[in-house]
Each structure stands twice: as structure tokens, then as C-alpha cells.
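See structure below.
The values are calculated or read from the model by the stated rules, or taken from the named source; none is laboratory data. In this text the structure is predicted, and so the values were computed from the model without any measurement. Positions of Cβ are generated from backbone atoms using ideal geometry, with glycine treated the same way; all protein chains shown enter the neighbour counts.
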Amino acid sequence: MDLTLNDEQEALRTATADWCRDNMALEDARWRAPGLWAELEAMGWTGMTAPGMDLDHATEAVVFCELGRSIAPIGLLSTAAANRWFADGFAGKVALALPADEPGDMRVLDPGGSAAVLMWQADKLCLFVTPDDAPHAPTIDLSTDQCRRSWTVSVQSDNTAAPLHLQLLAAAYAVGCADAARDMAADYAKLRQQFDRPIGWFQALKHICSDMAVRAAVARSQLYYAACALDAGHADAAFHISAAKRLADQAALDNGRANIQVHGGIGMTDEAAPHLCLKRAHLLQFIAPADAALLLKDPV
Amino acid sequence: MDIGFSPEEMRFRDECRDWLQSNVPLEKRPIDAADAIGFDKAWQRRLFDAGWAGINWPTAYGGRGLSIVQQVIWLEEYAKAHAPWIGANFVGVNHGGPTLILNASEAQKSYHLTRILQGEAIWCQGFSEPGAGSDLASIKTRGRIEGDELVVNGSKIWTSFAHVADWQELVLRTEEGSQRHAGLSWAICDMHAPGITIRPIRKMSGQTEFAEVFYDDVRIPLSNVVGGLGNGWKVAMSTLSFERGTGFIAEQVRAGQEIAELIATARANGMIRDDGIADQLAQMRAEVAALRAMTYRNISEVVRTGQPGPEASVIRLFTAELGQRLERMAVLLMGEDMIDFAYGDDNAVQDYLRGFASTIAGGTAQIQRDIIGERLLGLPKSR
């Protein structure tokens, strides 16, 4: 039993954090450079756990937390899952569709430049090879576009681990998002002065930040446990990943709100960064959402 | 990262389970301290004789000298087997003993540690005072040095098990005119010494588990000072990080049983059809899982680096507040039966009333939030 990062994971985490800081800063999440996707692919994050890569989901979760902390593209989630669970893998980007009834419309997130679309459903992943030819519209998360398209036939992966994998990665994104909001709030609380002292001196503000730290720590712990359960093929992996996704989504949303409050006036402007975390959190809650019924079921 | 246990650890788990299965007492632990003391002592003795007391304590002092992971396994199995709370032995086993292991002289350790494990010596804590609660450093109880003795005057409060205790971990001011954290000492006080008066305090649940303790020229040999005169604050703090790290594992496992029981109850009485209640239960089930994950993470940090990680203070706060949410839910699920009440009951209402202690004792939830803000996030100190 060991839920700490080993040296290799720690090195990978630091390298990812450094790269994100230099090339994909959170503050720039309103608009991402067109060449970013090619760089992400070159870094190997779109296929870390693809067959033959010999990396486990725990390591992947650690890395995706860092990516999520920078509000990385949503398409990374679907591309990573597609490369893991569909035979030939994908040279290009795979957009992410929210679950929808068949036949009908599906909402596709981050379609720009994609070669295919992956739909998450609670019991399977469905893949559609389709060009990016529908008109794009914005979402609440400024870094993520969307389009709508109809769907009928697809390739499916019925491996029960496939939808869990994507849910785990989405939870990691949310943990990173919750971390980002926590750190932004704590940094601001050390810097901003009122009544001749940093506002973080006041317990009313300090305790808001402490609660952000609690939520982030709780969610990250469950994420690591869930990743290990998936790696080990435990029968209760689905339960633990659902728990992780629920806690991570909540942490991202609650920390997103709290961060704005700690920032005061500047926090509600478009110019400042806090709203970027909150808006990302709202999008993530619809991606591979946790199943409350599963959380109430008897343990397996 | 992995969540599995080694074959040796699995064998150890089996041993724990087997022994507990045939040895956990069938009768319930009496809830009032005065009635419970005989029960607590007998149970602790039985644990010691079978080799289950002090699993990760040094063998020289009656422990088994095993790993912290094995200690965790034991505590998990202990809770799963519904073994009784260790009650009056709590302070000695979970707090006084570990403090002595870290800070005491050879003579102090060899006299006290085995007695604690055997349930022969009951310990209580003497930290808080009427004027020193959250502001613990404002301690006023003083010990004047006279020859090779401290002469103690003052009072302590919220001392659990004071009236059944043999020894007390007493933090007092031994340097006249000293301020705050300086000039304090951590001493072993004989609770049977002349000059000690104990006034029991009744809790709102009806129990008289804790008390106020008064010292009127109580004499303590200087050889009972632990960690050296004037080092009391440092000694006291050395165990707090232990408390925040691994001191609450049994409670955490019990939380897992409680949420399962609450879900079963809500199903049986139909209240689970209320979406609000179902959602709260789902939330707490996720949180209980996360609490275990966080504890495992912290334990592996201890194994890796020798000390709990900075997030250990998060565990303490989260355990306490989650415990209270579980207790509130248990009362909610009782419906109107919760208003049936008698002091001395042993039910969910009593657990709920007793549970208020968990965000007050050993550092209030507000103090914990100060610690998290200051140590984990680096915010400026408010005090």
C-alpha cells in the first residue's frame, strides 16, 4: 500500500507543471494558440496509457491533474481514452461528446481540428469517425468550443474499464481545477492589503482558503485511490471512480466560487482569471458525471 | 502507487481477524466512565497479554515493534470486529505513551510505557485551563521549583477520565514571569498526590467523563519532567502531529460502517425516497471513501519520510466534521423518535450530543483551519 508519488511520477509531475506554466498558462485559457494541439501530442499526453506504453492510470491521473490545473483542452480527455480503448489509435484529435439518446443530436465539445468524436456513456465508449465540418459555438468555458451533430452508428468499446478511464481523467482535470482556484485565492490573500495587512491574515478569509485546501486534498486522495483500483482491476473501481468524480467536481465548483469571493471586486471581472476556473468546473460536471445510485449501492 | 498489501501484511490481517473474532467481548462497554473503568482495564490487559497492545511501540517497552502499516491493519480489523472503544486507556495509549516514546528519559519510559499498555496505569490530559482554551500558550498553572520538586498551584479543565486516572500529562509554567510558549514544562503528575481536587463536569449527554482539576501545593518530583524544564511546548506539540496523522484510524473505519448502516436504515424506513436524504447519503459515502484514501496517503507518507505530510491537519478536521454529519443523519433518520430521551441512553441521540466534542476537543475546527491556512497555504499568522 502506497499512495505517494514515486520519484518517476514526481519527476513527470514537475515536468508537466513546468511545461504548462511556460506553454499553456491558465490565464491564457480564453484563447489557445492553434499550434497548441500539435505540441500536446508531441509531449505524449494524448496516448500515455495507450497499449504498449506501459504506464499506469495512477501516473496518468497525476499528470492530468497538472494539465487540468492549467485548463488544458477538453479534447485531451477523449483523445487519451480513444487511444487506449480503440484498436488502431488515432493520429489526430478526438473530440468529446456528452451522452445523448440515439438517434438524435449530440453535443460535441472541443471539435476544432478533430478527426473523430468519442461519446462517453456510463457503460461504454462510442466512437464516430467524422470530420470537423459543423459550425462551432462557444461554451461557458471560454477555452472550449462546441458543435452539434446527429449520430447513429458507431464503433463501441464495451470494456467496462473504458468509460471509467475517461471518468477518471475528467476527475483529475477537476482536481487540478480545484487546486488552481485554491492557489490563486491563497496567493491573492497574501498579496492584497486591506486594513494595513494582507487579507489572508483575517480568519474570515483564511478559513475560506483552508476549506478550499480541504476539498482539494479530499478529492485528490480519492482520485489516487480510484486510479489504483482501476489499475488493479478491483470490482469496486467503478464505485471509487464515481466517488472521485463527485468529490472532484464539487471541489472544483466550490473552490471556483470561493476564489471569486476571496478576490472581491476584481474577482468578478472578465479581465481577472478566477472566473476561468469556475466556468471550467461547470463544464466538467457534465463530462462523465458521477452516478449517485452507484454510491448508494452495497459494496461489492 | 498501489492499494494492495504484501503477503506478510495479509497474513497479519488474518491473524488480527482470527483473534478478534474469538475474543471481542460480547457485552457492551458501559458508557459512564465510573462503570466502564473495570471493563476498560480488563480489556486492555487482554489485548496486552495476547500481543495486540502497542503494535508499533518498541519491544523494550512491551510493544511488538511492528510497522505503522501493521498498526493500521490492526486498527482496521479492530473496528470491523466491533471491538470496544478503549475508553479510559485512550489518553495513555494514543497520546501520553507516544509522547513519552518521543521525548522521555530511559527511566521514565521503562517505568510507564509497559504499564500503559497493560491497562494498569490510566492517564489523563492536563493541557486546557479555564483561561487557556484555544489560546493554549496562555497557561497559568504554575510549578515553583523547591529543591528537587515542583510545587504546583492552579487548575486544569476538560480533563477526560480525571477521576479514574493514575497519571496526568500536565503542562504548566515552571519559569516565573515567562510568557506564552516559553517557560512551560511537560510533567508527569501523580493523580493520587495530596492537594489534587477533582470536580466532575456533566456533559449535555449526561455523562461525567470529564472534569476540572485543582492543584493546591501539589508536589511533583523534578525527575517527572519530560524533555527538560522549559521545553513543555515542544514536547506537547510533538504528539499533536501524531494525533493529526494516525490517531483517528478506528474512528475512520467506524465511519465506513456507520454510513453503510445509515443507508440500510434509510432503505428500511423509506426515507431514502427523499432525494435530499439520498443525495446526502451518497455524498457521505463518497467522503468516507475519500477519508480512507487520505489516511492511506498520509500513512504512506509516514512510511516514506518518517513523518506525516502537511495534509495530516486536513485529516483531523475532515474526520471530525464528517463524523458530525453522520451523527446528524442518524438522528434525522430516527424521525420523531429522537425526542425520546433519558440520560444514560446509549443511542444515536447520545452519539450526536457527544459528537459536538470532536470539533472542539484537541483544537477547535477554527484552530484547525488556522493551522491549515498558515502551514499548508502559507497565509500570514493571525496570532
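Things worth noting here:
- Verdict on A:Ala181 being in a helix (DSSP H, G or I), within 13 Å of another protein chain (Cβ to nearest Cβ) and under 20 Å from A:Arg246 (Cα atoms): yes
- All conditions in (1) away from chain A (no Cβ under 12 Å); (2) of a type in the set (A, V, I, L, M, F, W, C); (3) surrounded by 15 or more Cβ atoms within 10 Å (Cβ to Cβ) hold for B:Ile339, with the sole exception of (3).
- Evaluating B:Arg297 against the criteria (1) modelled with pLDDT under 90; (2) within 11 Å of another protein chain (Cβ to nearest Cβ); (3) touching a helix residue (DSSP H, G or I) at 6+ places or on another chain (Cβ under 7 Å); (4) under 21 Å from B:Ser67 (Cβ atoms) leaves one unmet condition, (1).
Residues are listed down the side, and each one gets a yes or a no for (1) surrounded by fewer than 24 Cβ atoms within 10 Å (Cβ to Cβ); (2) closer than 25 Å to A:Asp2 by Cα; (3) of a type in the set (Gly, Ala, Ser):
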residue: A:His234; (1), (2), (3): yes, yes, no
residue: A:Arg246; (1), (2), (3): no, yes, no
residue: A:Glu271; (1), (2), (3): yes, no, no
residue: A:Leu276; (1), (2), (3): no, no, no
residue: A:Lys279; (1), (2), (3): yes, no, no
residue: A:Asp291; (1), (2), (3): yes, no, no
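- Number of residues in segment B:362-383 that are part of a loop (DSSP other than H, G, I, E, B), touching a helix residue (DSSP H, G or I) at 6+ places or on another chain (Cβ under 9 Å), at negative phi and more than 7 Å from chain A (Cβ to nearest Cβ): the value is 2.
- Failed item in (1) of a type outside the set (A, V, I, L, M, F, W, C); (2) within 10 Å of another protein chain (Cβ to nearest Cβ); (3) touching a Ser or Thr at 6+ places or on another chain (Cβ under 8 Å), with A:Ser210 passing the rest: (3)
- The set of residues from segment B:31-55 being assigned to a loop (DSSP other than H, G, I, E, B), surrounded by fewer than 16 Cβ atoms within 10 Å (Cβ to Cβ) and under 22 Å from the mean Cα position of the chain (by Cα) comprises B:Asp32, B:Gly51.
- Test for B:Leu281: is it assigned to a helix (DSSP H, G or I) and within 12 Å of another protein chain (Cβ to nearest Cβ): yes
- Complete set of residues in segment B:5-23 that are exposed (fewer than 14 other Cβ atoms within 10 Å of the Cβ) and either of a type in the set (Gly, Ala, Ser) or assigned to a loop (DSSP other than H, G, I, E, B) (or both): B:Ser6, B:Ser22
- Check on A:Ala252, of a type outside the set (Lys, Arg), assigned to a helix (DSSP H, G or I), surrounded by 20 or more Cβ atoms within 10 Å (Cβ to Cβ) and within 7 Å of another protein chain (Cβ to nearest Cβ): no
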